[in-house]
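Participant: Quick one: structure below, then a few questions.
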Amino acid sequence: MDRYAVVGNPIAQSKSPLIHSAFAEATSQSLSYERIESPLGQFAATVDAFRRAGGSGINVTAPFKLDAFAYATERSERAREAGAVNAMKFDGDRIIAENFDGVGLVRDVVVNLNCSLKGKRILMLGAGGATRGALAPIVAERPAVIVVANRTVQTARDVVAPYAATRVVACGLDELGAEQFDVVFNATSASLTAQLPAVSERVFAANAFAYELAYGKGLTPFLQLAQRAGVTRLADGVGMLAEQAAEAFLWWRGVRPNTAAVIERLTVPLM
Ligand code: ATR
């Protein structure tokens, strides 16, 4: 039986085994999927051991997405654009690396939530790994503008630098002024500690869409802010999680699982 795993530290919270087991059952694929907690600083040794034991591929989660990038022998364009890796495939000595976080996000927004990004004004809060992974797939949807606003403005400038030719601009959270946006993504890690990025409720245009990339936390301070601003279209990252998993499953197994049942099972109501 082909073996897969998710590698992170900590790893107990990961929903990936549940998701991939459900996908395998629904598509009649025979595989196993386990959790591996790698000691910090020992990602390569941990994955070497898994490969020697016959592992076929892994997902990679915090804090190893950059270690995985370095460990790979081949990196997809998406992985290179993100500068990070969330899925790997092993084939003898070849270690092939991908990043499906951004495509998973875009597929959730455009397909599942039926919110086209074409021609829209987009605000991305945060300029960490999540934003780096999401930018290229969002740019590909041809929005009117993407503003990356970050507490530390220099980090936002670094993140948008590869996109100089397109309408992707950087600013500080405190520099947004009176600008309004059709779609606002919260890609900061503030929600993990129940904090609100310092942004005004005026950023939401009429009929805006608010998307929290974290998942399973209900109405986060960011989603509460959106709600106070009158936003009715709210979502968290449960669909992004399921969609990046479906992309990895397709890449590994050649069959794309349906995500609806998994999304329903993992959804924590936004209230
Ligand atoms: P991830 O991989 O989840 O994106 P990260 O790379 O550590 O995590 O990035 C975290 C992001 O959340 C950064 O943009 C960070 O802003 P800084 O670059 O200024 O540190 C942002 N962030 C974290 N806590 C925040 C808070 N309380 N308010 C605003 N931004 C916050």
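Bear in mind that the values in this text are calculations on the coordinates, not laboratory data. Given the structure is predicted, the values throughout are model-derived calculations rather than measurements. Counting neighbours? That spans all protein chains shown, and the Cβs are built from the backbone with ideal geometry, glycine included.
Participant: Relative to 2.2 N^0.38 Å, what does the C-alpha radius of gyration of region 102-236 come to as a ratio? Two decimals please.
Facilitator: Ratio of Rg to 2.2 N^0.38 Å for region 102-236: 0.93.
Participant: Sticking with this structure for a sec: Give the percent of DSSP beta bridges with both residues in the chain that are antiparallel, rounded to the nearest 5.
Facilitator: 20 percent
Participant: Given a Förster radius of 45 Å and the C-beta distance between residue 93 and residue 144 as r, what FRET efficiency does 1/(1 + (r/R0)^6) yield to the nearest 0.05?
Facilitator: The value I calculate is 0.50.
Participant: Considering the chain, what Rg and Dmax in Å follow from its alpha-carbon atoms?
Facilitator: 18.4, 57
Participant: What residue among 241, 123, 250 shows peak mean-square fluctuation when the chain is described by a Gaussian network model with Cα springs under 10 Å?
Facilitator: Result for the chain, Cα springs under 10 Å: 250 fluctuates most.
Participant: On a straight-distance basis, which aspartates and glutamates could pair with residue 217 in a cross-link, Cα separation under 16 angstrom, same-chain partners fewer than 8 positions away excluded?
Facilitator: Qualifying aspartates and glutamates at Cα under 16 Å: 236, 264.
Participant: A further question follows. Using the structure shown, list the pairs from 65/120; 65/118; 15/65 with a Cα-Cα distance above 22 Å, or answer none.
Facilitator: Table pairs above 22 Å Cα-Cα are 65/120; 65/118.
Participant: Sticking with this structure for a sec: Residue by residue through region 62-79, what is 3J(HN,Hα) from phi via Karplus (6.51 cos²θ - 1.76 cosθ + 1.60, θ = phi - 60°)? Round to whole Hz and write x for glycine and proline.
Facilitator: 4, x, 9, 5, 7, 4, 5, 4, 5, 6, 5, 9, 9, 10, 5, 4, 4, 5
Participant: Roughly how many Å is it from the Cα centre of region 17-58 to that of region 87-126, as a whole number?
Facilitator: Value for the Cα centre distance between the two parts: 21 Å.
Participant: Let me ask you something else. So, with +1 on the Cβ of K and R and -1 on the Cβ of D and E, and no other charges, what is the size of the charge dipole of region 7-99 about its Cα centre, to the nearest 20 debye?
Facilitator: With Lys and Arg at +1 and Asp and Glu at -1, about 60 debye.
Participant: Computed FRET efficiency, Cβ-Cβ of residue 233 and residue 62, R0 30 Å: what is it to the nearest 0.05?
Facilitator: Efficiency for this residue pair is about 0.60.
Participant: Okay, helix-only estimate at 222 nm for the chain: each DSSP H run of n ≥ 4 adds -39500 (n - 2.57), divide by all residues, round to 500 deg cm²/dmol; what do you get?
Facilitator: Mean residue ellipticity at 222 nm (helix-derived): -9500 deg cm²/dmol.
Participant: Towards the positive end of the charge dipole of region 102-236, with charges on Cβ (+1 Lys, Arg; -1 Asp, Glu), say which of 206, 186, 125 has the farthest Cα.
Facilitator: Most positive-ward Cα: 206.
Participant: If a paramagnetic tag sat 7 Å from the Cα of residue 166 along the Cα-Cβ line, which residues of region 53-73 would have the backbone N under 12 Å from that point?
Facilitator: Under cut-off, by backbone N: nothing.
Participant: Let me ask you something else. Quickly work out the residue 111-to-residue 268 label distance, labels modelled 7 Å from Cα along the C-beta direction, and quote it in nm with one decimal.
Facilitator: In this crude label model, residue 268 to residue 111 measures out at 2.6 nm.
Participant: Amide H of residue 55 versus every other amide H placed in the peptide plane: which residues, excluding those fewer than 5 positions away on the same chain, fall under 5 Å?
Facilitator: Answer set, sorted by chain and number: none.
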